[in-house]
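The values are calculated or read from the model by the stated rules, or taken from the named source; none is laboratory data. The shown structure was predicted, so the numbers you read here are calculated from the model rather than taken from an experiment. Ideal geometry is used to build each Cβ from the backbone, glycine not excepted, and the neighbour counts take in all protein chains shown. To get the accessible areas, we keep the full protein, side chains included, count just its heavy atoms, and leave off ligands, DNA and RNA. Shrake-Rupley method; radii C 1.70, N 1.55, O 1.52, S 1.80 Å.
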Amino acid sequence: MAGALAEVLGEVLVAPDGEEVAVAALAARGVSLVGLYFGCSLSGPCAQVGASLAAFYGRFRGEAAAAGAQRLEIVFVSAEQEQQQWQEAVRAMPWLALPFADKRRKLKLWNKYRVSNIPSLIFIDASTGKVVCRNGLLVIRDDPEGLEFPWGPKPFSEVVAGPLLRNNGPSLDSTALEGSHVGVYFSAHWCPPCRSLTRVLVESYRKIKETGQKFEIVFVSADRSEDSFKQYFSEMPWLAVPYADEARRSRLNRLYGIQGIPTLIVLDAKGDVITRQGRVEVLNDTECREFPWHPKPVLELTDSNAVQLNEGPCLVLFVDSEDDGESEAAKQLIQPIAEKIIAKYKAKDEEAPLLFFVAGEDDMTDSLRDYTNLPEAAPLLTILDMSARAKYVMDVEEITPEIVEAFVSDFLADKLKPEPI
């Protein structure tokens, strides 16, 4: 256990009293699950969640005292910028914390787990370091007594089980989804980007169905009232989880670690995830020629997929021409390296630590160069880490596969020096 956890957390954590605690010592305590709590003491929502989490954690501590084994530990991954604030926050918490000085590891954790907002709680298996549940905040809301510990993922068919609503007829049982590709659509009427995506998605759904492919969408509402849900769902030709079934809606959010809407998760006929980027795919492929949208190792940067730049470190190769041939050649250059990285991390059941893009010449690319203060040179090889506000730049006359591979390898080994964005 110690090796897998140490790879994630380092060798040492800090207790509320300031004493160091060896990560290896968690095994002796019987810890089987670790919750990574991403937060900041200055955040109102974090303060509210912190109180609930402390009560939740206290139940497990009480159990540990009675049974002589502690199944759960929480580790605070702070967004505090000042050490004094961090010290005060840690003193007020009953769990452990990542050392303040270990800023690089903190950023790596934010990127590794694609944390886009706080508070966020991610449960990982203490023996393997693998994610068990991406939306732990829903766990402490839905299972405050910890009866479902350790909250591991369940098959989609089990989580979605039950009646599904449709507008043009009686409810269907979820077993009707068997053998179909499924889009699990997390959305709400109050959200303007959701309404915009829904209009496009209605057309995409119609086009896919007209080709005879087995495809269904299940709407999982985040509306604030049943009336809003009914109004919004009336615009949709697909199925929906009943609004009143809050437990099932919450379990689906937990299953896919939803942190924002709109989100469209596309599943294969077995219920396995094909892509979490259904929103981007629908907007990029309005004719649905590439359905069911298996992920591409290298993407051409566009207005619709640029949002992915905020999800973690991204390798972006800027080229000097709007010509499709230039962009295609750049993609072919990067692709074998991207495929190797993706395969390596997939074998560990982890997301790749980098996304890969090729950027041509257009207004969006110009804006990106301006925002990140990049030189006008092309070709230009970069890694952009928006969450850390850092960039890594290699400005050479010719980009070769060897140069790209070395650049990526050095980045993953923390050998590159970041420049501020």
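Need the C-alpha centroid separation for the stretch 62-123 versus the stretch 291-353, integer Å. The two parts, judged by their Cα centres, are 32 Å apart. Quick check on the stretch 154-264: of the DSSP beta bridges with both residues there, what percent are antiparallel, nearest 5%? Here the share of antiparallel DSSP bridges comes out near 40 percent.
For semi-axes √(5λ) of the Cα gyration tensor in Å, which listed value, [x] 38, 24, 19; [y] 36, 27, 23; [z] 35, 33, 18, comes from the coordinates shown? It is the value labelled [z]. Between A92 and R59, the C-beta separation translates, for a Förster distance of 22 Å, into a calculated FRET efficiency of about 0.70.
Beyond 27 Å in Cα-Cα separation lie the following of the pairs K296/K417; K112/K154; K296/K344; K130/K331: K296/K417; K130/K331. Convex hull volume of the C-alpha atoms in the stretch 1-148, normalised per residue: 102 Å³.
Per the Debye calculation on the stretch 320-421 with a single equal scatterer at every Cα and no solvent contribution, log₁₀ I(q)/I(0) for q = 0.10, 0.19, 0.25 Å⁻¹ amounts to -0.29, -1.08, -1.58.
Placing pseudo-labels 7 Å out from each Cα toward the beta carbon at K207 and K154 gives an inter-label distance of 3.6 nm. DSSP beta bridges fully contained in the stretch 85-230 are about 35 percent antiparallel.
Where both bridge residues fall in the chain, DSSP classifies roughly 60% of the beta bridges as antiparallel. First measure r as the distance between the Cβ atoms of D285 and K417, then evaluate 1/(1 + (r/R0)^6) with R0 = 30 Å and state the FRET efficiency to the nearest 0.05. Approximately 0.20, to the nearest 0.05. Global size of the stretch 147-289: 14.3, 46 Å for Rg and Dmax (C-alpha atoms, Rg to one decimal, Dmax whole). Taking every DSSP helix (H) stretch of at least 4 residues in the chain, weighting each as -39,500 (n - 2.57) and dividing the sum by the residue count yields a mean residue ellipticity at 222 nm of -11500 deg cm²/dmol. Separation of the stretch 1-54 from the stretch 209-236 is 39 Å, based on Cα centroids.
The label-point distance for S171 and D303, in a model that sets each label 7 Å from Cα toward Cβ, rounds to 4.2 nm. The residues of the chain have, on average, 47 Å² of accessible surface per residue, using a 1.4 Å probe with all protein chains present. Membrane-span-like helices in the chain (whole DSSP H runs, Cα extent of at least 30 Å along the helix axis, mean Kyte-Doolittle hydropathy of at least 0.0): 44-67.
The slack in the chain from A24 to D363, taken as 0.36 nm per residue of separation less the alpha-carbon distance, amounts to 116.9 nm. Solvent-accessible area assigned to carbon and sulfur over the chain amounts to 50 percent, based on a 1.4 Å probe.
Unpaired Cys in the chain, meaning no second Cys C-beta under 4.7 Å: C40, C46, C133, C288, C314. Remark on L355: its backbone amide H falls under 5 Å from those of C314, L315, a criterion applied only to residues 5 or more positions apart or on other chains, H modelled at 1.01 Å from N.
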